Each structure stands twice: as C-alpha cells, then as structure tokens.
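Undergrad: Quick one: structure below, then a few questions.
The values are calculated or read from the model by the stated rules, or taken from the named source; none is laboratory data. What you are looking at is a predicted structure, and each value in this text was computed from that prediction instead of being measured. Neighbour counts run over all protein chains shown; Cβ positions are idealised from the backbone, glycine included.
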Amino acid sequence: MSELHRLTALEQLHLVRAGELKPSELVECYLDRIERLNPELGAFTVVTPDTARQRAAELEASGSRAAALWGLPSGEKDLWARAGVRTAYGSRAFADYVPEVSDEITDVLDAAGAISLGKTATPEFGLPAYTEPLSDAPAVNPWDTSLGSGGSSGGAAVAVSAGLLPFAPGSDGGGSIRIPAAATGLVGLKPSRGRVPAGSGFGSLGQLPVTGPLARTVADAALLLDGIAGPSPFSVGPPTWDGGAFLNAAIRGEGTFNIGVMTTSPWDDTYEISVSPEAQDALTLARTALDQLGHGSEDFALDPSPEYAEAFTVLWQAGAAGIPLDGEQLELVEPLTKWLIESGRRMSARDVGVAIATLSRFERSVIRQFSTYDAVLTPAMAMTPRPLGWFYAEDAFENFAKQVQYTPWTSFVNVSGLPAISLPVHETVEGLPMGVQLIGRPGREDVLLAIGAQLERRFHWGSRHPAAFGA
C-alpha cells in the first residue's frame, strides 16, 4: 500500500472502479505520506483525516462508482471555503475563521466523488506568485527545499509533486496554476474563461481567475478537468465520464498543428524582462520536438502594448480593494497585500473603468493576433525556481516587479480568457524542472492536451520525481 502514490490518478481510478483497490486504502496511503512529509514541505495548512476516512467509508458503502473522480483523494486550495474546516486564505487576519457554508467548487469536487484530505497552502488571498505566507510555513519546492514552489496554488503543486496527492485543483488569476506547476515539474492547465462554471472567472473584477488541474501527467490533468467542468459555452461540449472530451483528447494525443513561438510579453515596455538560458533551453527543446513531430512552427511577436502594465496593475489593486478588512485587521496583512488594498481603495471608479476598457481591447487584440495559430508556445517562466524569500522587498512595488519578471507570460492569458497549459519538458543541470507554456484558442483545451500528450511521450516527465516522492 505504501507504493500506491506511484500510480497515476487514472491508474488509481481504474483500480477502485474495478474493486481491486478501496478508496480507504488510498486515503490511508496519502494520509501517511502527509503526516511524514508535510511538516518539511508545507503543502497542507489543514489536514482532515477523520472526515476523509468517513467519506471513504461512505463511498465504499454506497455501491455506486459512477462519479468521474470516484474514490480519489484530493484537497482544496485554502482560498475555498469548506463548511466546518478552518479557511484562512493564507492570512493572519483570518487565522481563526471557520466557514459555515462551502464554496461551490468544493461541492463540485464532492459531487465528482473526490475525497478531501484537507486544505492546500496559498499565499495571502492568492495575490502573489509565491507561496510563502507569514501566517504559516512556506510551501517549499520538493526538488530543492531552499527554493519556493511558486504560487498561488503552491501547496497544491507541492502536494502533487511530492506524492501527497494524486492530483489537485488550483485557481489561476494571473498564472497561479501554471507558475507552481512549472516550478515543481508538473502539468498545470488554466482552462478557458467559463469552462468550469464553479470557477469560471465571470463573477470577479476583470473576469481573471478560473479553476483548473495540477497533475503529474497530461491524462491526469484531463481527468480532473473532466470531473470539475460542467455545461460549457464552447463547442467542445459538456464532458462526462462516458464521453470525456478532455481525457479522450489526452489519451489519443492526435493531430498536427500550426504553432507560433513567442518570447515577447506585454510587460516588455514597462519592465526589463530577460529570458534565462534555462528558460530558453526549455523552449528550444520543446520547439525542436514539435518540429520533429510534424507540427509547423514559426516565430511570432505580440504587438507592443505599452498600456497593458498600468491597466493590469490597476485591476489587480482594484480587485484587492474589496477584501473585507479595515482598521486593526488591515494591520495584520502583509506589506504587498496592504499596498494592493490601499492603492485600490484610493482609485476612482473612472480609473477602474478605464483599466477594464483597456484590457478588453487588449483581449480582442491578442485573440486576433493569435488567430492564425492553433497554439502559441512560450517559456513557462523566465527564470529557474526562485529561492525562498527572493520576492520579498522593503518596497511592495519592487516585490510586484520581481513577480512580473519571473512570470511575464501568464497574466495576459487570464486577461484574454484563453486556455493555457504548462508542461515540464526540461530539467536543468542542477536537476530543477523547467517548463514551457502552450496557449490555445478559446475553448480548445483539447488541442493543448493533445499536443501535451505528444510531448509527454517524447520527454517521459511522468517518471521524473523529486527525492521526496520516493520517501
């Protein structure tokens, strides 16, 4: 039973559906690993062993195994409320908050048959690109514990990379799935806006954050996406277990596509953005493999967009302004959060309206520029995973600038509402994962999964693990 975590999520699902493995056995395997490894890794902020065991027993007694994720352990990001479980949002200001009502995405995971083992770590309110909250221990990188795991779904990424969960859901408002996936050697999929109704983006300012999967393999990511996606406005249609469009696309891995290759970003006019040799190596490796697989590729550059940086920053600040904290509670938040909140609250409605209008024009421009390609390839991150504490600075604006320089290719995908996937194609000489990002057309997660499956067959990243995975 101690080796069950080496199986993919899809392999585990096949075994529990066939009755060859019990959900309770999976739960015990992962709870044991969490108990032994989480104190060093910081993947979970809350572990719920009693309710997980009770849930597994209920599923086994139900006799029905039809749900898409039936019997598979999971966890929810600590930005999502689960009734009766402490939900701190990565903040000291909510250290003792226990919600009475669950968020919709939590209910969706339950309905899909998943078993929650607890809450995965997030930075304060999910705002930064690193998971080192002052409220708790940092979520450290399993490949090198002196490094960070990225954010904001850092705890989820650490849990999957180290084998504390078979896969995990995360949320992505500016790269928060793709960044930690790239840092920890995982597949991270940001769905199209609206793809997952329980985390669609439509209810937020700027419609940026969406919910999606982190996994070790493309098929596992597709499986989890099938489990949380519902009726869709896109042509792919509502996937189910019997007609799982995403899992089928990932398993088949078919097709040849026209791919643009890009290293420019909309931040280039405002910040000094450099592509590290490691990031360039990953990009070159992926492009060469795609060419050998028969895809067409050509260099591509975004039109200059000098207005993007200010508009996105305004929107990020305006989004933080609504966090329900005042007075003494506001003094409990971290410097970056306080800067974002206070900056947002000083803005006028006109400032916010102008930013939204600017980004709406930008969205249409990006979709138009990308329209000749089935997918656009970029580096995932501009640098290798960052040391713990690297982002912190006395000046919050400098902190924000460092995040932009680390991850210049992610936020504009949220603004554009497009799907994107981070794929761990490369490993540096120091043994650190480096990835690439593929950005798709609206609603075409299936294309990204098909291309990802082809690259996975070439690079076999599912067999590469950090030392903690074998512990």
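Quick grid of which residues meet (1) within 23 Å of PRO335 (Cα to Cα); (2) in contact with a Gly (Cβ under 8 Å, 6 or more places away or on another chain):
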residue	(1), (2)
SER153	yes, yes
GLY173	yes, yes
LEU186	no, no
LYS190	no, yes
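Undergrad: Can you name the number of the only condition in (1) among the hydroxyl-bearing types (Ser, Thr, Tyr); (2) in a loop (DSSP other than H, G, I, E, B); (3) surrounded by fewer than 22 Cβ atoms within 10 Å (Cβ to Cβ) that THR131 fails?
TA: Here THR131 clears every test but (3).
Undergrad: So which residues in region 138-150 are in contact with a Leu (Cβ under 9 Å, 6 or more places away or on another chain) and under 22 Å from PHE400 (Cα atoms), if there are any at all?
TA: PRO138, ALA139, VAL140, ASN141, SER146, LEU147, GLY148, SER149
Undergrad: Look at SER365 and say whether it is small (Gly, Ala, Ser), more than 19 Å from GLY296 (Cα to Cα) and in a helix (DSSP H, G or I). Can you show your working first?
TA: Numbers: small (Gly, Ala, Ser): yes; more than 19 Å from GLY296 (Cα to Cα): yes; in a helix (DSSP H, G or I): yes.
For SER365, the condition - small (Gly, Ala, Ser), more than 19 Å from GLY296 (Cα to Cα) and in a helix (DSSP H, G or I) - is met.
Undergrad: Then there's this: Quick one: what pairs do we get from region 273-289, first residue within 15 Å of GLY260 (Cα to Cα), second of a type in the set (D, E, K, R), C-beta under 9 Å, 6+ apart or different chains?
TA: ALA289/ARG458
Undergrad: Related question: Which count do you get for residues in region 340-378 that are touching an Asp or Glu at 6+ places or on another chain (Cβ under 9 Å) and of a type in the set (D, E, K, R)?
TA: Of the residues in that region, 1 qualify.
Undergrad: For region 104-115, how many residues meet the condition of being buried (at least 23 other Cβ atoms within 10 Å of the Cβ) and not in a helix (DSSP H, G or I)?
TA: 3
For every residue, the table says whether it meets (1) within 25 Å of GLU334 (Cβ to Cβ); (2) of a type in the set (S, T, N, Q); (3) in contact with a strand residue (DSSP E or B) (Cβ under 9 Å, 6 or more places away or on another chain).
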residue	(1), (2), (3)
LYS77	yes, no, yes
PHE94	yes, no, no
LEU109	no, no, yes
ILE115	no, no, yes
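Undergrad: Buried (at least 17 other Cβ atoms within 10 Å of the Cβ), of a type outside the set (Val, Ile, Thr) and farther than 25 Å from GLN369 by Cβ - does that describe any residue in region 253-267?
TA: Yes, the conditions are met somewhere in region 253-267.
Undergrad: So which of GLY188, GLY206, GLY212, GLY170 ends up being touching a residue at least 12 places away in the same chain (Cβ under 8 Å) and either more than 25 Å from PHE469 (Cα to Cα) or assigned to a helix (DSSP H, G or I) (or both)? If you could, list the steps in order and put the result at the bottom.
TA: On the way: GLY188 fails: either more than 25 Å from PHE469 (Cα to Cα) or assigned to a helix (DSSP H, G or I) (or both); GLY212 fails: either more than 25 Å from PHE469 (Cα to Cα) or assigned to a helix (DSSP H, G or I) (or both); GLY170 fails: either more than 25 Å from PHE469 (Cα to Cα) or assigned to a helix (DSSP H, G or I) (or both).
That would be GLY206, the only listed residue that is touching a residue at least 12 places away in the same chain (Cβ under 8 Å) and either more than 25 Å from PHE469 (Cα to Cα) or assigned to a helix (DSSP H, G or I) (or both).
Undergrad: Next question. Quick one: is GLY118 modelled with pLDDT of 95 or more, in contact with a Phe, Trp or Tyr (Cβ under 7 Å, 6 or more places away or on another chain) and not hydrophobic (A, V, I, L, M, F, W, C)?
TA: Values: modelled with pLDDT of 95 or more: yes; in contact with a Phe, Trp or Tyr (Cβ under 7 Å, 6 or more places away or on another chain): yes; not hydrophobic (A, V, I, L, M, F, W, C): yes.
Answer is yes for this residue.
Undergrad: Hey, any hits in region 46-55 for a residue that's touching a residue at least 40 places away in the same chain (Cβ under 8 Å), in a helix (DSSP H, G or I) and among the hydroxyl-bearing types (Ser, Thr, Tyr)? Full working, then the answer.
TA: First pass over region 46-55, keeping only residues touching a residue at least 40 places away in the same chain (Cβ under 8 Å): 46-49, 51-52, 55.
If we keep only those that are in a helix (DSSP H, G or I) as well, we get 49, 51-52, 55.
Then drop every residue that is not among the hydroxyl-bearing types (Ser, Thr, Tyr), which leaves 51.
The answer is yes; a qualifying residue exists.
Undergrad: Do we have SER276 as closer than 17 Å to VAL436 by Cα and crowded, with 22+ Cβ neighbours inside 10 Å here?
TA: Numbers: closer than 17 Å to VAL436 by Cα: yes; crowded, with 22+ Cβ neighbours inside 10 Å: no.
No: the conditions fail for SER276.
Undergrad: Got a sec? Which helices (runs of 4 or more DSSP H) wholly within region 386-471 have at least 2 residues that are surrounded by fewer than 21 Cβ atoms within 10 Å (Cβ to Cβ) and touching a residue at least 24 places away in the same chain (Cβ under 8 Å)?
TA: On the way: elements: 396-406, 411-416, 445-459.
Once the helices (runs of 4 or more DSSP H) in region 386-471 are filtered for at least 2 residues that are surrounded by fewer than 21 Cβ atoms within 10 Å (Cβ to Cβ) and touching a residue at least 24 places away in the same chain (Cβ under 8 Å), what remains is 396-406, 445-459.
Undergrad: Whether any residue in region 144-151 is acidic (Asp, Glu) and buried (at least 24 other Cβ atoms within 10 Å of the Cβ) is what I want to check.
TA: The first filter runs over region 144-151 and keeps only residues acidic (Asp, Glu), leaving 144.
Right, trim to buried (at least 24 other Cβ atoms within 10 Å of the Cβ) and you get none.
No - not one qualifying residue is present in region 144-151.
Undergrad: Which condition from (1) under 25 Å from LEU189 (Cα atoms); (2) of a type in the set (Gly, Ala, Ser); (3) surrounded by fewer than 16 Cβ atoms within 10 Å (Cβ to Cβ) is the one that GLY327 breaks?
TA: The number of the failed condition is (1).
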